[in-house]
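The values are calculated or read from the model by the stated rules, or taken from the named source; none is laboratory data. Since the model is a prediction, treat every value here as computed from it, not as a measurement. Don't worry about glycine lacking a Cβ; one is built from the backbone with ideal geometry, like all the others, and counts go over all protein chains shown.
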């Protein structure tokens, strides 16, 4: 597959067309029907949660949030392959992969609701917290990959970054370190066309992003990121390759962020409706549904009750989350160090004295 | 007991920890085959194999950032920045991740990492080989910053640093790497991070310093003694967290304090120490707490070096000014 889809020739791995019709049966992964329906449901769940997050934010019940809508196939494919022993090193726009790794809805609400407790992901092993400084997490992935080799473990690291991140120095240092160390890392670039407002053509003059793998001596694949089958095929091939000790792989997943960069962003400033329409036609959920319907595994009319049921579950969880214990002074200090330095404890005590004084004034 | 210099005692400490903890790995630029440009890691690759002591591509952010991942996966890396002046590409990793991973993950992942860096000037080197950036690291919340001044302390503090579950910036005063030799026990021992040390008891004035400056302060003290001034010298040994108690007790007794650092003056470690002195011993002060720090300039190249780094005479001059205040 790596040879056939040589990024230097700018070929893109694609299995189905915009309507879900299989156009490259030779590379279509064999996934049992029931599992495929399950993947579809997970994508629908991630989208429902994502859209509700935006709506909670609009209602003033949530802080800044980066919508995922339009990019669900990438996370769904990674999520289906990742095992407990594999690592997820996220950026921040891969909600479906978080859920697959074991993040609970409560974690998602807490994190984007402004509480660090959300990034602990207590039920999810081998899952780093989201990383906001672009591409800086990729060198962590290289280090984890080193440790996997060092301890002779059977694990693979899934590290995620956006198209803008490929311009950062850490992207290049991470790829190079991982390659030199033959670290089992799959670098997934979600090329969603824009780094906030800046289009990919202003990031690079390379013919694609996957081609950046060539200089580091690792395989690279440009993949239709809105095509679940293509993403699954690319990631499972990369997974086996990395697992067998061959080193890292770079995947460029071509997609489109249908929503805003975050809830504070206004995409109308930098892209056209025409462009949005074009990508709406390539929507990953629509495409997988097209396939499932053609195979009689799903009916269009099955969508509505499913989404309604998800909405109810999410609403219920969200209401529960809203009564999560209030942020305490202790929460500010507790985790800065393993052993809290006396000096830092003094700062806490000074604030407590103020609180006591304030209380006594009432 | 063997008589060793600081290069040997740090090497010995790392050797001991490589020996007793299989999760310790040592890496950086030229630390493997060559043993580091100052030879601090000499012989360790041969003894522990390339798997545990190795050279990396020349990229400081990659070195620092990969250590964050290794820590999350259970290793305890000891990495080297070849000179503190070359550490700046890695500062994003330090500020954004090394110092915060524990807090961000609510204790799920820590960063038990030691970052070694030769620092400080006075060795007639090229540009970027002479700075004292300890204030930069001390200002990053979540890091501990250690600076030894003797081979003995260097060994004990290095062992404590590798055993620390929190990240430690270990600044090695390169000017005295080989200048001081002393008896250091061959067995394992550690010195607690965050504790200063009295190097001399005195009644007239407290001098607080650390690293390579200690030796110059001690030379100044000979002049002070001849002038009938009794100096109490405190070696801070740790820049963060600072030992407030040792400062408080001493300044309460002497009423006068001079802080000697190589680092630039503004927003520097001297400013922090003066604040601690005023907070802890305000009513005992008989002269303004004073810092003798570097100029707020780039450290000059070798031909101008003698004007930048404090001589014992300059330190004595400042001591005398405070006594005569």
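Okay, here's what the table says:
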| quantity | calculated |
| --- | --- |
| Scope the range A:96-146; condition within 21 Å of residue A:67 (Cβ to Cβ), in a helix (DSSP H, G or I) and within 11 Å of another protein chain (Cβ to nearest Cβ); matching residues | A:107, A:110, A:111, A:118, A:119 |
| Criterion (farther than 29 Å from residue B:190 by Cα, away from every other protein chain (no Cβ under 14 Å) and within 19 Å of the chain's Cα centre (by Cα)) met by exactly one of B:230, B:293 | B:293 |
| Tabulated pairs, the range B:223-246, first outside the structural domain of residue B:136 (by TED's automatic domain parsing), second modelled with pLDDT under 95 and part of a helix (DSSP H, G or I), C-beta under 7 angstrom, 6+ apart or interchain | B:241/A:342; B:241/A:343; B:242/A:343; B:244/A:343 |
| Residues within the range A:161-170 that are in a helix (DSSP H, G or I) and either crowded, with 24+ Cβ neighbours inside 10 Å or more than 13 Å from every other protein chain (Cβ to nearest Cβ) (or both), tallied | 5 |
| Test: residue in the range B:197-208 that is over 24 Å from residue B:144 (Cα atoms), touching a residue at least 40 places away in the same chain (Cβ under 8 Å), surrounded by fewer than 16 Cβ atoms within 10 Å (Cβ to Cβ) and more than 14 Å from chain A (Cβ to nearest Cβ) | yes |
| Criterion: facing chain B (nearest Cβ under 9 Å), surrounded by fewer than 24 Cβ atoms within 10 Å (Cβ to Cβ) and out of contact with any strand residue (DSSP E or B) (no Cβ under 6 Å at 6 or more places or on another chain) - qualifying residue of A:150, A:216 | A:150 |
| Answer residue from the range A:159-180, given it is under 17 Å from residue B:68 (Cβ atoms) and touching a residue at least 60 places away in the same chain (Cβ under 8 Å) and is farthest from the chain's Cα centre (by Cα) among those | A:178 |
| Single unsatisfied condition, residue B:238 versus (1) within 26 Å of residue B:82 (Cα to Cα); (2) out of contact with any strand residue (DSSP E or B) (no Cβ under 6 Å at 6 or more places or on another chain) | (2) |
| Yes/no for residue B:239 being outside any loop (DSSP other than H, G, I, E, B), buried (at least 24 other Cβ atoms within 10 Å of the Cβ) and within 14 Å of chain A (Cβ to nearest Cβ) | yes |
| Qualifying positions in the range A:179-209 - on the phi > 0 side of the Ramachandran plot and in contact with a strand residue (DSSP E or B) (Cβ under 7 Å, 6 or more places away or on another chain) | A:193 |
| 3 or more residues more than 11 Å from every other protein chain (Cβ to nearest Cβ) and modelled with pLDDT of 95 or more: qualifying helices (runs of 4 or more DSSP H) within the range A:295-362 | A:303-321, A:342-361 |
| Count of residues meeting criterion [surrounded by fewer than 19 Cβ atoms within 10 Å (Cβ to Cβ) and more than 21 Å from the chain's Cα centre (by Cα)] in the range B:55-86 | 4 |
| Residue in the range B:51-72 that is farther than 26 Å from residue B:109 by Cα, in contact with a helix residue (DSSP H, G or I) (Cβ under 9 Å, 6 or more places away or on another chain) and either more than 13 Å from every other protein chain (Cβ to nearest Cβ) or touching a residue at least 24 places away in the same chain (Cβ under 8 Å) (or both) present | no |
| Among the residues listed as B:186, B:163, B:172, the single one being touching a strand residue (DSSP E or B) at 6+ places or on another chain (Cβ under 8 Å) and surrounded by fewer than 22 Cβ atoms within 10 Å (Cβ to Cβ) | B:186 |
| Of the criteria (1) within 14 Å of another protein chain (Cβ to nearest Cβ); (2) crowded, with 23+ Cβ neighbours inside 10 Å; (3) more than 14 Å from residue B:148 (Cβ to Cβ), which one residue B:221 fails | (1) |
| Flag for residue B:145 being touching a residue at least 12 places away in the same chain (Cβ under 8 Å), within 16 Å of residue A:340 (Cα to Cα) and either out of contact with any strand residue (DSSP E or B) (no Cβ under 7 Å at 6 or more places or on another chain) or crowded, with 24+ Cβ neighbours inside 10 Å (or both) | yes |
| Residue check for residue B:255: within 30 Å of residue A:347 (Cβ to Cβ) and surrounded by 20 or more Cβ atoms within 10 Å (Cβ to Cβ) | no |
| When residues of the range B:34-50 are limited to those that are more than 13 Å from chain A (Cβ to nearest Cβ) and loosely packed, with under 13 Cβ neighbours inside 10 Å, the one nearest to the chain's Cα centre (by Cα) | B:43 |
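Yes/no per residue for (1) touching a residue at least 12 places away in the same chain (Cβ under 8 Å); (2) in a loop (DSSP other than H, G, I, E, B); (3) out of contact with any helix residue (DSSP H, G or I) (no Cβ under 9 Å at 6 or more places or on another chain); (4) buried (at least 20 other Cβ atoms within 10 Å of the Cβ):
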| site | (1), (2), (3), (4) |
| --- | --- |
| A:232 | yes, no, no, yes |
| A:235 | yes, no, no, yes |
| A:241 | yes, no, yes, yes |
| A:244 | no, no, yes, no |
| A:251 | yes, no, no, yes |
| A:257 | yes, yes, no, yes |
| A:260 | yes, yes, no, no |
| A:263 | yes, yes, no, no |
| A:268 | no, no, yes, no |
